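Structure record follows, encoded as structure tokens.
Values in this text are rule-based calculations from the coordinates and carry no lab data. Since we're looking at a predicted model, the values are computed, not measured. Backbone-built Cβ (ideal geometry, glycine too); neighbour counts: all protein chains shown.
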Amino acid sequence: MCTVYDYEYRPSGTRYDTMIYRRCGNSGLKLPVISLGLWQNFGSQGNYANMVRMIHTAFDNGIVHFDLANNYGHPYNGTAETNFGRILNDMKAYRDELCISTKAGYEMWAGIYGDKNGSRKYLTASLDQSLKRLNLDYVDIFYHHCPDPETPVEETALALDNAVKQGKALYIGISNYNSQQTAEILNIFRELRTPFIISQPSYSMLNRWTETDGLQNLAKEEGFGLAVFSPLAQGFLTDRYLHGIPEDSRIGKGNTWMKSQLDDAMLRRLNRLNEIASQRGQKLSQMALSWILSHEAVTTVITGASRPEQILENIGCIQHLDFSPEELQQIEDALK
């Protein structure tokens, strides 16, 4: 029984009909093309009732993949996992319908063993802590969150492999690795027969490094999936900044890096993309998600949200995933 609502939570019986699922690389695991990331708005300063509504809305509409990390939950690391764990207590009956992922690699706790690294000690301890916060016996996917040049890649790979052997994770992933780093650790996973199935890079219309780096080609050749984060380029690829800077936006609240990027050329680019989206019957954010999902190597797009309505809006992108050659050329011209 959910304590936030005055009714018992009953998931929709038709939720799978509203979502598209893709196999993650060559593995047997399928993920929804839209996943929900809990980096923002699930921390200690978030509204818990709103968190519950967002999780239930996502699940009721076919989003069965929820993406976390040990350090999510600004300003206090771990609070996103704690809050999600509380919500899961009201959804225990549906655990086998959920794919839950978490990560470790960035700074987490004070001291030399909780600093940014990929050591066996840090990864093992962090996963144990995550499972306690989530109140789970295992996670479905455990990621190394970022490469660590000071730790031998063999040690990191063995630590991840050991998490699977201990039954604490079903599959392994990596995040923020370029193609060269991925190929190096992939060779070790292959020797160990580790179920490495997914990489999580940033990717959007405005951030296309996975194309030039070769990561997308490597994913197709080697049979692992891509779970893309920051698909809307920190909000640029929405309708928030088409007519200036709202006071309640990240830029309006003082994000100087984003402000430096939002010059006249960027505004022209965004407005032209918005025109193309309107011609397709989509919002700019929906077209941006559809465009990412049109790439063969991409399994799922990890989207954030601050309210349930945004989740439903993002899901709407799957109604129009196809692009004509003319539309793709118009997008390329706009981005130039």
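Each residue, residue 18 and residue 45, gets one label point 7 Å from its Cα in the Cβ direction; the gap between the two is 3.1 nm. May I ask you to derive the FRET efficiency for residue 320 and residue 220 from their Cβ-Cβ distance with R0 = 30 Å, giving the value to the nearest 0.05? In this case the efficiency is close to 0.80. Scalar couplings 3J(HN,Hα) for region 197-206, obtained by applying the Karplus form with A = 6.51, B = -1.76, C = 1.60 to θ = phi - 60°, are 10, 7, 10, 10, x, 6, 6, 6, 4, 9 Hz; x denotes Gly and Pro. Full extension of the chain between residue 128 and residue 183 gives 17.0 nm of extra length, using 0.36 nm per residue less the Cα-Cα distance. Each Lys or Arg adds one and each Asp or Glu takes one away; over the other residues whose Cβ falls under 11 Å from the Cβ of residue 39, this sums to 0. With N the number of residues in region 146-263, Rg(Cα) / (2.2 N^0.38 Å) evaluates to 1.34. The helix-based estimate of mean residue ellipticity at 222 nm for the chain, built from -39,500 (n - 2.57) per DSSP H run of four or more residues and divided by its residue count, is -11500 deg cm²/dmol to the nearest 500. Could you tell me the center-to-center distance, by alpha carbons, between region 73-97 and region 152-197 in angstrom? Centre-to-centre distance over Cα atoms comes out at 25 Å.
Counting every alpha-carbon pair across the chain, the share separated by more than 29 Å comes to 38%. If R0 is taken as 22 Å, the Cβ-Cβ distance between residue 264 and residue 208 corresponds to a FRET efficiency of 0.55.
Relative to the current alpha-carbon distance between residue 272 and residue 295, full extension at 0.36 nm per residue lengthens the span by 6.1 nm.
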